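Scroll down for the structure; my scribbles are underneath it.
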Amino acid sequence: QKEVEQDPGPLSVPEGAIVSLNCTYSNSAFQYFMWYRQYSRKGPELLMYTYSSGNKEDGRFTAQVDKSSKYISLFIRDSQPSDSATYLCASRDDKIIFGKGTRLHILP
Amino acid sequence: DVKVTQSSRYLVKRTGEKVFLECVQDMDHENMFWYRQDPGLGLRLIYFSYDVKMKEKGDIPEGYSVSREKKERFSLILESASTNQTSMYLCASTEGGDSYEQYFGPGTRLTVT
């Protein structure tokens, strides 16, 4: 079983909708949880990170970790066409482990 | 701004050729990584390095080797390219220790014919 699991999508939502992206992980020792965003023909970039359980908000983006269920979520409010990208969740033990990524399309 | 640069954006090579992919980072980062990214398979770690002249195998090292002679430069070598090595190759670096942020280059799209 891969340590970080993520639905590959694609996920298509209309502009302005709330987007929910989710991952599960298997290693209860994970403490850092990250979301990377990758635009087409570019390398991934760190979008947000959280440490342990709880929520973290940055503008329209909220990252949420539930360690009891080993569930990682990213919420995007008021989604924009410029949010169209692949979103990769990640965590780390001795190195960073990435999910396979979810392709998101925001429809104008 | 951290910058990770890769020598080529697109590369076409023939089966059996020796291929060099170069990566340079300008932030004095300790750790450097090579991944390949394929549809449906995500990012897969090929090799990484925690220091000059050090290298560690990742999850899929077969058919690849690496070289790190200087701290800022990490090279990926395909000794004898094969068609199943057609992929997007991404280089990344981190500051070191328990860093959770990897800085990626723009990628090299390699096609082996």
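What follows is calculated from the coordinates using simple rules that are stated; it is not laboratory data. Fair warning: this is a prediction, and the values are worked out from it, not measured in the lab. Glycine gets a Cβ as well: all are built from the backbone with ideal geometry, and neighbour counts include every protein chain shown.
How big is D for chain A, in µm² s⁻¹ as a whole number, if Stokes-Einstein is applied with the Kirkwood radius of its Cα pairs at 37 °C and 0.692 mPa s? Diffusion coefficient, whole number: 238 µm²/s.
Computed from backbone phi with θ = phi - 60° and the Karplus coefficients 6.51, -1.76 and 1.60, the 3J(HN,Hα) list for region B:41-48 is 10, x, 7, 10, 7, 8, 8, 9 Hz; x is used for glycine and proline. Here the contact order of chain A, divided by its residue count and restricted to Cα pairs under 8 Å and six or more residues apart, works out to 38 percent.
Residues B:Trp34, A:Trp35 in ascending order of nearby Cβ atoms (within 10 Å, fewest first): A:Trp35, B:Trp34.
Remark: region A:83-94, residue by residue, has Karplus-estimated 3J(HN,Hα) of 7, 5, 5, 9, 10, 10, 8, 7, 9, 8, 10, 8 Hz, where x stands for each Gly or Pro and the curve is 6.51 cos²θ - 1.76 cosθ + 1.60 at θ = phi - 60°. Annotation note: GluC sites (Glu not before Pro) in region A:15-71 located in DSSP loop regions with a Cβ neighbour count of at most 16 within 10 Å are A:Glu15. Residue-normalised convex hull volume from the C-alpha trace of region A:1-54: 123 Å³ per residue. Here's the list of lysines a cross-link from A:Lys100 could span, going by alpha-carbon distance under 26 Å and ignoring same-chain residues fewer than 8 apart: A:Lys2, A:Lys42, A:Lys56, A:Lys67, A:Lys70, B:Lys3, B:Lys55, B:Lys57. Derived from the Cα gyration tensor, the three semi-axes of the equivalent ellipsoid of chain B are 22, 14, 13 Å, largest first. Summing Lys and Arg as +1 and Asp and Glu as -1 over all other residues whose Cβ lies under 13 Å from the Cβ of A:Arg77 gives a net charge of -4. With N counted as the residues of the protein assembly as shown, its alpha-carbon radius of gyration over 2.2 N^0.38 Å works out to 1.03.
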